[in-house]
Amino acid sequence: MSAAIPTAPAIEARLRSALNPSVLEVIDESAAHAGHSGANGLGYGTHFRVRIGGPAFVGLSRVAQHRLVYDALRDFTAAGLHALAIEIQN
């Protein structure tokens, strides 16, 4: 586990490695959440949006699809990832 603040490129690399998606976009929305719960005061590294799709998600319920993403990013949560909006692309 890394103690570094999560970044969009690090999250993207992890998801590519773990889930081999055919569609992937990771957006750091932390600056829009400045002053909110979970914000770190830096304007990055806490609130992300992930748009992802690929064979690993086919046939799974929405809960199971989201669990794949959360499980792949578990150690990022421990490093400061506070909020994750997940959009599954079919």
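The values are calculated or read from the model by the stated rules, or taken from the named source; none is laboratory data. Note that the coordinates shown come from a computational prediction; the quantities given were computed from them, not determined experimentally. As a convention, Cβ positions derive from the backbone with ideal geometry for all residues, glycine included, and neighbour counts pool all protein chains shown.
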Filtered residues of region 62-90 (kept if within 19 Å of Asp28 (Cβ to Cβ) and assigned to a strand (DSSP E or B)): Ala83, Leu84, Ala85, Ile86, Glu87
Residue tally, condition at pLDDT below 95, β-branched (Val, Ile, Thr) and crowded, with 17+ Cβ neighbours inside 10 Å, over region 39-90: 1
Top-ranked residue in region 29-38 [being of a type outside the set (Ser, Thr, Tyr) and surrounded by 13 or more Cβ atoms within 10 Å (Cβ to Cβ); ranked as modelled with the highest pLDDT]: Glu29
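Could you tell me whether any residue of region 5-28 is at pLDDT below 85, over 12 Å from the mean Cα position of the chain (by Cα) and either exposed (fewer than 14 other Cβ atoms within 10 Å of the Cβ) or within 13 Å of Ala79 (Cβ to Cβ) (or both)? Walk me through it before giving the result.
From region 5-28, those at pLDDT below 85 are 5; that's our starting set.
Next, only the ones that are over 12 Å from the mean Cα position of the chain (by Cα) stay: 5.
Still in the running and either exposed (fewer than 14 other Cβ atoms within 10 Å of the Cβ) or within 13 Å of Ala79 (Cβ to Cβ) (or both): 5.
Checked region 5-28: at least one residue is at pLDDT below 85, over 12 Å from the mean Cα position of the chain (by Cα) and either exposed (fewer than 14 other Cβ atoms within 10 Å of the Cβ) or within 13 Å of Ala79 (Cβ to Cβ) (or both).
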